[in-house]
Amino acid sequence: MAGDLSASVSPDQRERIIRRLSESYAHDHLDDVEFERRVSEAHRVSTHSALIALVADLPAEEEDHSASSRFPSTVATNRDTVRASESIFAILGGSERRGVWRPARRSRVLAIMGGVDLDYRKALFPHGVTEVTVFCVMGGVDVIVPPGVNVEVSGLPILGGFSNRAGSGTPGGPTLRVSGVAVMGGVDIKEKKPKK
């Protein structure tokens, strides 16, 4: 057994421990600081015993199975450092984010006679709330989220519109909060399953 514990860590073992930490965080067994510290350690440690030590004081995995329904497999999370903010512009043109990408905690989106496409189906969401503030003038912003993401919308339409056709999300899952102003333009949020 000692030989097993001193063996090098496989990617699957590391992923299982990080999943356990995420589930414990979702159940409030870990605070933000401790969760981030342990996840960073999980990426760094090189032995199985050091990896197991990161979850040794947490509730048994059986008690946390309900968390798997709170974080559907269609929602990926960013376990690395999260940028505080980013800006996305489309002026008389277009801009898009799709595929695997890491959204910042807060995004500012400016669309003036242009279009912005934000496809979150393969995005690695930060834990908690991700904020998108839109300023749209005679343009459009299309947002696609995977099932399981909680979407909150509070926008001011002026001869324009905000449309939220996303599902109800999952308690404890990541939240996308969209706000801003649409002047003679539109912001459309819809839910789609990730492409295979």
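Values quoted throughout were computed directly from the atomic coordinates according to the rules given, and no laboratory measurement underlies them. None of the values given here were measured: they were computed from a predicted structure. Cβ sites come from the backbone with ideal geometry, for glycine too, and all protein chains shown count toward neighbours.
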All-pairs Cα distance distribution in segment 85-191, expressed in whole percent, bin size 5 Å | 3, 14, 25, 27, 19, 9, 3, 0
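Lys and Arg at +1, Asp and Glu at -1: add these up for the other residues within a Cβ distance under 15 Å of GLY186 and post the number. Mind showing how you got there, number by number?
Numbers: positive: ARG165, LYS190; negative: ASP117, ASP142, ASP188.
Around GLY186, the charge tally is -1.
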So if R0 is 41 Å, what FRET efficiency would MET113 and SER49 give, r being the distance between their Cβ atoms, rounded to the nearest 0.05?
-> 0.10
